[in-house]
Amino acid sequence: MSLRLQLVLLFTAVLAATLLVASALGLRIAQRSVEDEIRKRTVELANATTLALRHAGNDDDQISDELAATMRTNRGLLRAEVARQAALGIDADFTEARIDPEGSIVFRRWRGPATRLSAELIDEPDIGRALRVVAPFNDARGAKARLVLLASHSEAERLVAAERRALLLVAVGASVFLIVAFWILLGRILIRRVSALQLAMRAVEGGHLDVKAPGPPEGGDELAYLSRGFNRMLAQIRGFNADLTGRIEEATAELTKKNRDLEELNELLVAARRDLTSKERLAALGQLAGTIAHELGNPLNALNGHLQLLARRPELAEPARSQVAVLQGEVGRMTQIIRRFLDQTRGFTPTAETVELAPLVEEALDLTLGTEARQRIQVAREVDGVAVRTDLVANAVDAMPNGGRLEVQARSEGKEVVLRVSDTGTGMQPDVKRHIFEAFFTTKPDGKGTGLGLAICKEIARALRGRIDVESEPGKGSAFTVRFPEADAHAA
């Protein structure tokens, strides 16, 4: 149920109770007024009638005529009775005039004892409620007599009923008018403003904090004070919200920064673990290589010595001499393989030596060029700003089996010397890229690589106080960049 309807119902109840009490009091006062007026007129009529009866003497007919005249001139009289003291005895002579049902005046006379009567309202079965007025007087003889007039009370009741109906009509009309007027005024004065405040509150519930309840900036009634309080509360909420949003953004930014720092530390930790694992593997491989070199070197040296002695014998036939030469070559190749493997796994400290970049790059390329690679791949080389075209090196050849382009750059950037090798080969997947600098990790087929080349390159760069980075995307090739401090670069 709406507030407007509740207030109208409350107003209707109060108005109905007020009108009911007022109507009851008004009808009671009106009834008393009518009764007092009837009593007053009846008393005046009784006084006038007693005066006429004194002049009428003791003749019963004259007394009857006076009573009949009184009855005719006052329609509200129901009965008129005169009681006179009898000449002898204690009884009284009564003369009565009354209106019969047909409206005629009927007289009746009798003698009997006179009882004491008083003025009051009485109820009789045949006439209903009536007002009895008793007026004592002295007749023409000077004897005591009394006049009793019985006035109908139905006139008063009729007037009161008419007034009740009129009052009821007025009350109903006034109530309807007041209720409608109250409904309209309530809507203009209260409900419209309450509805506006309600709409503002619903907007706030929906998350719109920029609304404002209507109302004067100062003064006004209770609703105006409520609207200003609501607006002040919204302003505080907006301030708290802005402050909270700022704090959340600061906390989020700080948390994001800490997360980035944590990710960087995690990456450094993972890299450190990989470096440690690679070093441990290289150290273990160095020990293994030393053992292999010791265990295999001595037998190979003995075998090589005996083969040399065998080759010097003059009686050795030519086919056998050729076979001995083949065996010497194979023994020498095995010795070189063991020595190269041992060099790759043995820890070392670079010896500082001044070199020129251009010849160094030329030598590195020449050492790794192959006839097949020269035919399949173009190499662009840029050293000290001079661009020339040449062929390929090492891993880039294996990365471009169907041909492609290799770029080799050597340049100075600030206090660093940058060596960059890039190709247009198959590239690397992210999971491969994460492990390429680990010892014994390789993607080449069996017999094509040991997985030590890039791990050793990283150790060389670190020993020279530099670093090596890789950029690779599947299907687009890879790029390796080595950075050295300028002095160390010249020394390397």
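The values are calculated or read from the model by the stated rules, or taken from the named source; none is laboratory data. Being a predicted model, the structure only gives us computed values, none of them experimental. Here Cβ is always computed from backbone atoms with ideal geometry, including for glycine, and neighbour counts include all displayed protein chains. We work out accessible area using only protein heavy atoms, side chains counted, and drop any ligands, DNA or RNA first. Shrake-Rupley method; radii C 1.70, N 1.55, O 1.52, S 1.80 Å.
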Unique residue being open to solvent by 50 Å² or more (accessible area, probe 1.4 Å), closer than 27 Å to Gly142 by Cα and charged (D, E, K, R) when the list is Arg98, Arg28, Arg32, Arg75: Arg98
Among (1) assigned to a helix (DSSP H, G or I); (2) within 26 Å of Leu121 (Cβ to Cβ); (3) in contact (Cβ under 8 Å) with a residue 60 or more places away in the chain - the single one Arg28 does not satisfy: (3)
Matching residues in region 459-478 - criterion: being of a type in the set (A, V, I, L, M, F, W, C), surrounded by fewer than 17 Cβ atoms within 10 Å (Cβ to Cβ) and part of a strand (DSSP E or B): Val470
Of all residues in region 78-95 being of a type in the set (A, V, I, L, M, F, W, C) and open to solvent by 40 Å² or more (accessible area, probe 1.4 Å), the one that is modelled with the lowest pLDDT: Leu88
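Condition check ((1) at positive phi; (2) in a helix (DSSP H, G or I); (3) surrounded by 10 or more Cβ atoms within 10 Å (Cβ to Cβ); (4) among the charged types (D, E, K, R)) across all residues:
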site	(1), (2), (3), (4)
Val172	no, yes, yes, no
Val176	no, yes, yes, no
Trp183	no, yes, yes, no
Val211	no, no, yes, no
Glu218	no, no, no, yes
Asp243	no, yes, yes, yes
Glu254	no, yes, yes, yes
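Can you report the number of residues in region 104-132 which are over 30 Å from Arg32 (Cβ atoms) and outside any strand (DSSP E or B)? Walk me through it before giving the result.
Looking only at region 104-132, we keep the residues that are over 30 Å from Arg32 (Cβ atoms), and these are 104-114.
Checking which are outside any strand (DSSP E or B) leaves us with 104, 113-114.
Within region 104-132, residues that are over 30 Å from Arg32 (Cβ atoms) and outside any strand (DSSP E or B) number 3.
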Selected residue (criterion: nearest to Ser152 (Cα to Cα)) from residues of region 37-66 that are without any contact (Cβ under 8 Å) to a residue 40 or more places away in the chain and buried (at least 19 other Cβ atoms within 10 Å of the Cβ): Glu66
Region 402-423 - residue that is surrounded by fewer than 17 Cβ atoms within 10 Å (Cβ to Cβ) and among the polar types (S, T, N, Q) and, of those, modelled with the lowest pLDDT: Asn402
